[in-house]
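Novice: What follows is a structure written as structure tokens; I'll ask about it next.
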Amino acid sequence: MISVLLLTFVLGQPAPASPKASILLPSGEPVPSEVALGKLLVISGEKSERGPNTVSVLLTIGERTHLEKVRDGIIWIIDPPSFKAPDQMSVSKDRLTLSVATGLEPTTLKITQIVAKGEAADVQTISIKIGLGPRPPPEPPVPPKPPEPKPPTPASGLKVLIVRETGDAASIEPAFAQVVRKYLDEKASKAGWRIWDDDQVFSGTEPAILKEMFDKAKPFQSLPALILKNDKSDKATAMPLPKTIEALMAELKKWGG
């Protein structure tokens, strides 16, 4: 449960038209209540009615209360908080479009939009079940095969960096595919790959090798970019990010096996 108390008041003036929150797909259709894993969900606030000003609101989420600034009259809140990571969520520069990667684990995602106009605010919250819909029955067990000769071990130590223009999640849609994220977690480990903005602000806790790859690839020749390195390469190689899941997987397997 989310409650909102507006802290900015305008006295002695007629009240403006009431604000109205609006959470829809870019097509204007309602957001579905269930979404599969490994998808990029793009949500629009274009139909919302809001003011251009920045106001302060006191948010109460469950038992926690804090002060939040509603910039340009609109703000998005994501629950669970893990979806706020750069590789899970991005907001367009005009704050009207929210892009969320549904990830690899089933969960329930709550998205709240708060809009403000003058001295009034409006709130809308939707719940989306991620990967919790009907599932096909498990496949019957397959008899074990005799062991086969092991192929040569591919290069290890795969490191992968995907760089996009700030807020442009749609251009890297293949990177959100479930098969791609699963491959990267297995081959590069969760500490060996990242999705960063071209003007990423660093906290000092990022993996050093990925930060080095990022710095040496600048200025970026084109965006979005794919930067790769493994134990057999002396330096990282940057290239345009492939535009399809198949092409991206083929390039990753050249480096990670």
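Novice: Output the qualifying pairs, or none if there are none: Cβ atoms under 9 angstrom, residues six or more apart or on different chains, first residue in the range 165-179 and farther than 14 Å from GLY103 by Cβ, second residue in a helix (DSSP H, G or I) and aliphatic (A, V, I, L, M).
Specialist: Listed by first residue and then by second, the contacts come to GLU173/ILE245; PRO174/VAL180; PRO174/ILE245; PRO174/ALA247; PRO174/LEU248; PRO174/MET249.
Novice: If you don't mind, another one. Within the range 27-55, how many residues turn out to be of a type outside the set (Val, Ile, Thr), in a strand (DSSP E or B) and modelled with pLDDT under 70? Steps first, please.
Specialist: Just the residues of the range 27-55 that are of a type outside the set (Val, Ile, Thr), to begin with: 27-30, 32-34, 36-41, 44-53.
Among the residues that remain, those that are also in a strand (DSSP E or B) are: 30, 34, 40-41, 44, 49.
Now restrict to residues that are modelled with pLDDT under 70: none.
Residues in the range 27-55 being of a type outside the set (Val, Ile, Thr), in a strand (DSSP E or B) and modelled with pLDDT under 70: 0 in total.
Novice: Can I ask one more? Only one of (1) part of a loop (DSSP other than H, G, I, E, B); (2) in contact with a Ser or Thr (Cβ under 7 Å, 6 or more places away or on another chain) is not met by ILE128, so which one is it?
Specialist: (1)
Novice: Are there any pairs, at least 6 apart or on different chains, whose C-beta atoms fall under 6 Å, with the first in the range 187-205 and more than 22 Å from GLY167 (Cα to Cα) and the second of a type in the set (Val, Ile, Thr), and if so, which?
Specialist: Note: pairs meeting the criteria are ALA188/VAL160.
Novice: While we're here: Pull up the range 81-101, narrow it to residues that are without any contact (Cβ under 8 Å) to a residue 60 or more places away in the chain and within 22 Å of GLU49 (Cβ to Cβ), then point me to the one that is surrounded by the fewest Cβ atoms within 10 Å (Cβ to Cβ).
Specialist: Among residues in the range 81-101 that are without any contact (Cβ under 8 Å) to a residue 60 or more places away in the chain and within 22 Å of GLU49 (Cβ to Cβ), the one surrounded by the fewest Cβ atoms within 10 Å (Cβ to Cβ) is ASP94.
Novice: I'd like to check something: does the range 84-104 contain any residue that is modelled with pLDDT under 85, part of a strand (DSSP E or B), farther than 18 Å from PRO19 by Cβ and of a type in the set (A, V, I, L, M)?
Specialist: yes
Novice: Of all residues in the range 71-80, count the ones that are open to solvent by less than 40 Å² (accessible area, probe 1.4 Å) and either at pLDDT below 70 or part of a loop (DSSP other than H, G, I, E, B) (or both).
Specialist: Step one: of the range 71-80, the residues open to solvent by less than 40 Å² (accessible area, probe 1.4 Å) are 73-78, 80.
Still in the list and also either at pLDDT below 70 or part of a loop (DSSP other than H, G, I, E, B) (or both): 80.
Total satisfying the criteria: 1.
Novice: Given the range 164-257, what strands (runs of 3 or more DSSP E) lie entirely inside it while holding 1 or more residues that are surrounded by fewer than 18 Cβ atoms within 10 Å (Cβ to Cβ)?
Specialist: Values: elements: 193-197, 225-229, 237-240.
Strands (runs of 3 or more DSSP E) meeting the threshold: 193-197, 237-240.
The values are calculated or read from the model by the stated rules, or taken from the named source; none is laboratory data. No experiment lies behind these values; they were computed from the predicted model shown. We place every Cβ from the backbone using ideal geometry, glycine too, and count neighbours over all the protein chains shown. Accessible surface is based on the protein model in full, side chains and every heavy atom, while ligands, DNA and RNA are left aside. Shrake-Rupley method; radii C 1.70, N 1.55, O 1.52, S 1.80 Å.
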